[in-house]
Amino acid sequence: MTSPYHLPAGKAADGPYTVHVSPETAGWGHSHLRVLDLPAGGSHTFDTRDSEWIVLPLAGACTATVDDDSGAHTFDLAGRTGVFDAVSDFAYVPRDARATVSSAAGGRFALTGARCTRRLPARYGPASGVPVELRGTGSCSRQVNNFAAADVFECDRLIAVEVITPGGNWSSFPPHKHDEHRAGEESVLEEIYYFEFAAHDGVPGLGYQRVSPSGQGRNTDVLAEVRDGDVVLVPDGWHGPSMAVPGHHMYYLNVMAGPDPERAWLISDHPDHAWIRGTWPARPVDARLPLYTAPSS
């Protein structure tokens, strides 16, 4: 089943970006994602305009230089060898600024963004400050790197986290949604999933992503086989499960933003599957997790 909400690797490429999702291309109001591959010695400059951004190394190290009306700021990001190897440090880039990402050895870097109104200061996010959460148990176990979760790192609109699902496990389960405003119970958030997979003996990994309609005119429907570099857009609907095939760990970067006055990740579980949470306390977390923890400060 094909869907306009599943963007296989290369479909969302644009200029220097292997992935370029914007409010204009997605047909929504707030969330951005760009993935930038730089060769050794390469650099890229972009204007933030009406959006805030986080520069997050996926593989490699870089320097992020930010010029705004408070002056020039330089952040050296140690990065990591890959998303299955370590937590990464990152840099926050405010709206109405110019940023340059450069890398001596080259690498792959995510630019997660959101349209916003407040201009916050440019700053560095250390890897040691990223909470690593183990969520779920048994075959629902997954690791969440909450680098820009709503209650962890201050942004105006942007929420972004990384999820690692061990091979054979399900994450984003029970299916949940955040597509209507209900004060204190559910927020409105557009969401982007960007996927990478651990290979085995040179064989690439893969997984599956489901999004189902939540009704009342919200009709997003996706059942996609996802591979390295694929993107799934979630403007609304019940999303999950995200399924990793056995033998291949799955990584996805979640980028969220929305119009609600409070920056919060408030979700509703699918009523048919919410009961599964009640089984978790009696079962152990998958012994393969965590794949890694944040370094000490």
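Tabulated results
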item	result
Computed helical MRE - 222 nm, the chain, DSSP H runs ≥ 4 contributing -39500 (n - 2.57), nearest 500	0 deg cm²/dmol
Gain on full stretching of the segment that runs from Thr2 to Ser297 - 0.36 nm per residue minus C-alpha separation	101.7 nm
Net +/- balance of residues flanking Ser31 in space, Cβ distance below 15 Å, scoring K and R +1, D and E -1	-3
Global geometry of segment 18-91, whether rounded, prolate or oblate, following the gyration tensor of its Cα atoms and the 1.5 cut on a/c	oblate
Paramagnetic reach from Glu180 (point 7 Å along Cα→Cβ, amide N under 17 Å) across segment 221-248	235-239
Förster radius 41 Å - calculated FRET efficiency between Ser70 and Glu225, Cβ distance, rounded to 0.05	0.35
Computed lengthening from Tyr124 to Glu154, 0.36 nm per intervening residue step minus Cα-Cα distance	9.6 nm
Rh (Kirkwood; distinct C-alpha pairs) - the chain, Å	19.2 Å
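Bear in mind that the values in this text are calculations on the coordinates, not laboratory data. Owing to the predicted nature of the structure, the values given are computational and were not obtained by experimental measurement. Methodologically, a virtual Cβ is constructed for each residue, glycine included, from the backbone with ideal geometry; neighbour enumeration extends over all protein chains shown.
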